[in-house]
Amino acid sequence: MKIAGTTWSTFAAAEPELAATVRARFGRYTHHVLATVRKDGSPRLTGLEVNFRFDELWLAMMPNSRKALDLRRDPRFSLLANPGSGTDMGGGDVRVSGRVAEATDPETVERFAKEVGAPLPFHLFLVEVAEVVRTAVEGDELVVRTWTPGRPVRTIRRGTDDSAPREDS
């Protein structure tokens, strides 16, 4: 398993406040939505449990599931936290996008299986973070916080009127 980019732990060290907010948002529900790329290039959306273990973000899947096969072929993904019931969106809307690397070494897979109590076999992917986005309503504004590797968090605010969005400096 080789990660060329930014792991969750690296992101969390760089932006601990946003990382804690995003992790808490994923922690509110068990099932979330994973987007992968099908063989024909079209998107596939499927449900998925998210695991934060050993200071990293992991995606585990049943053997030979379509989403696992998608990721083996094309490691790009986007993961949206379950928005919850109704329209309250408590904690905002959060999304993590990037690439994955499959963990194939038995020691890592067995350690993960023991930690989460999952039966073997399964596919296990370590997340490489390319973008983290949180969108939330704060007062009368829609606030979008975006992080990409090597840059600080950008915050863009949009009011309920027709004025242009503005970026915090």
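Quick one: which of 157, 145 is more than 30 Å from residue 64 (Cβ to Cβ), in contact with a helix residue (DSSP H, G or I) (Cβ under 9 Å, 6 or more places away or on another chain) and either open to solvent by 100 Å² or more (accessible area, probe 1.4 Å) or modelled with pLDDT of 90 or more (or both)? Matching residue, one of 157, 145: 145. Scanning the range 15-29 for residues that are without any contact (Cβ under 8 Å) to a residue 40 or more places away in the chain and closer than 23 Å to residue 103 by Cβ turns up 23, 27.
Sub-7 Å Cβ pairs linking a first residue in the range 90-117 that is touching a residue at least 40 places away in the same chain (Cβ under 8 Å) to a second residue that is of a type in the set (D, E, K, R) and assigned to a loop (DSSP other than H, G, I, E, B), at least 6 apart or interchain, are 91/28; 101/2, ordered by first then second residue. For the range 53-71, which positions are open to solvent by less than 30 Å² (accessible area, probe 1.4 Å) and without any contact (Cβ under 8 Å) to a residue 60 or more places away in the chain? Scanning the range 53-71 gives 65, 68, 70, 71. The residue that is farthest from residue 29 (Cα to Cα), among those in the range 57-86 that are within 18 Å of the chain's Cα centre (by Cα) and in a loop (DSSP other than H, G, I, E, B), is 74. Just one of (1) surrounded by 15 or more Cβ atoms within 10 Å (Cβ to Cβ); (2) more than 18 Å from the chain's Cα centre (by Cα); (3) part of a loop (DSSP other than H, G, I, E, B) trips up residue 121, so point out which. Against the list (1) surrounded by 15 or more Cβ atoms within 10 Å (Cβ to Cβ); (2) more than 18 Å from the chain's Cα centre (by Cα); (3) part of a loop (DSSP other than H, G, I, E, B), residue 121 comes up short only on (1).
The values are calculated or read from the model by the stated rules, or taken from the named source; none is laboratory data. Bear in mind that the values here come from a model prediction, so they are computed numbers and not experimental data. In this analysis, Cβ positions are derived from the backbone assuming ideal geometry, glycine residues included, and neighbour counts consider all displayed protein chains. For accessibility, only protein heavy atoms count, side chains too; no ligands or nucleic acids. Shrake-Rupley method; radii C 1.70, N 1.55, O 1.52, S 1.80 Å.
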